[in-house]
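Worksheet: the structure to be examined is printed underneath.
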Amino acid sequence: MKEKRWFLNTALAVVLGIGLLVCIVLRTFAPRMILPALDIPNMALVSLAALVLDHYVSHGAKRCYVCAFVFSALTFGLLPFVAGFVTLKDALLLAAVGGVVFTAIAWIFSSIQDRLSTGPAAKAAPVLSALGLYLAAQCFAGMLL
């Protein structure tokens, strides 16, 4: 079986790309619609969706958190810039914040999954953990503001 070590970075790019594509289509066909901003809770939501997808596809793959930081910073910086949602200055800020948010959430999610990977609730544990981490990210963003 092939090692799926880098699937997490691909999953993050796919999830963020699909989200940006939906926003582009909505901005084109419904220009008066208010689109969500790419802030900490939404970055956490995208990150958690990629982590849950990665958990079900490549469970138990080893992670390099330095590489995860670099790739997630590139993903969060380049994709919104190329899609035309942010300027270059804002893309650099998104890259820094997105890299930190994704790496922190990946580390916390992986440590939770290592502890919850046994028992009858192991199949639903990633989704429930992601829900709890998303609520925690919303609380954290609320404390920052």
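The values are calculated or read from the model by the stated rules, or taken from the named source; none is laboratory data. Note that this is a predicted model, so its numbers are computed, not measured. As a convention, Cβ positions derive from the backbone with ideal geometry for all residues, glycine included, and neighbour counts pool all protein chains shown. When the accessible area is computed, the model is the full protein with side chains, heavy atoms only, and any ligands, DNA or RNA have been set aside. Shrake-Rupley method; radii C 1.70, N 1.55, O 1.52, S 1.80 Å.
Just to verify a result, which residue in the range 61-85, among those that are among the aromatic types (Phe, Trp, Tyr) and assigned to a helix (DSSP H, G or I), is farthest from residue 48 (Cα to Cα)? Looking at residues that are among the aromatic types (Phe, Trp, Tyr) and assigned to a helix (DSSP H, G or I), I get 81.
For the range 101-145, name all the residues that are of a type outside the set (A, V, I, L, M, F, W, C) and not in a helix (DSSP H, G or I).
Of everything in the range 101-145, those that are of a type outside the set (A, V, I, L, M, F, W, C) and not in a helix (DSSP H, G or I) turn out to be 117, 118, 119, 123.
Across the range 69-97, the qualifying residues are those that are surrounded by 15 or more Cβ atoms within 10 Å (Cβ to Cβ) and among the polar types (S, T, N, Q), and the one among them that is farthest from residue 4 (Cα to Cα) is 75.
Across the range 102-123, what is the total count of residues that are open to solvent by less than 60 Å² (accessible area, probe 1.4 Å) and either more than 19 Å from the chain's Cα centre (by Cα) or at pLDDT 85 or above (or both)? Step through it out loud before you land on a result.
Within the range 102-123, the subset open to solvent by less than 60 Å² (accessible area, probe 1.4 Å) is 102-106, 109-113, 117, 119, 122.
So of that shortlist, the ones also either more than 19 Å from the chain's Cα centre (by Cα) or at pLDDT 85 or above (or both) come out as 102-106, 109-112, 117, 119, 122.
Result for the range 102-123: 12.
Select from the range 1-50 the residues that are crowded, with 17+ Cβ neighbours inside 10 Å and of a type in the set (Gly, Ala, Ser) and write down the one among them that is nearest to the chain's Cα centre (by Cα). Looking at residues that are crowded, with 17+ Cβ neighbours inside 10 Å and of a type in the set (Gly, Ala, Ser), I get 47.
For the range 51-68, filtering for residues that are open to solvent by less than 90 Å² (accessible area, probe 1.4 Å) and either at pLDDT 95 or above or among the β-branched types (Val, Ile, Thr) (or both) leaves 2.
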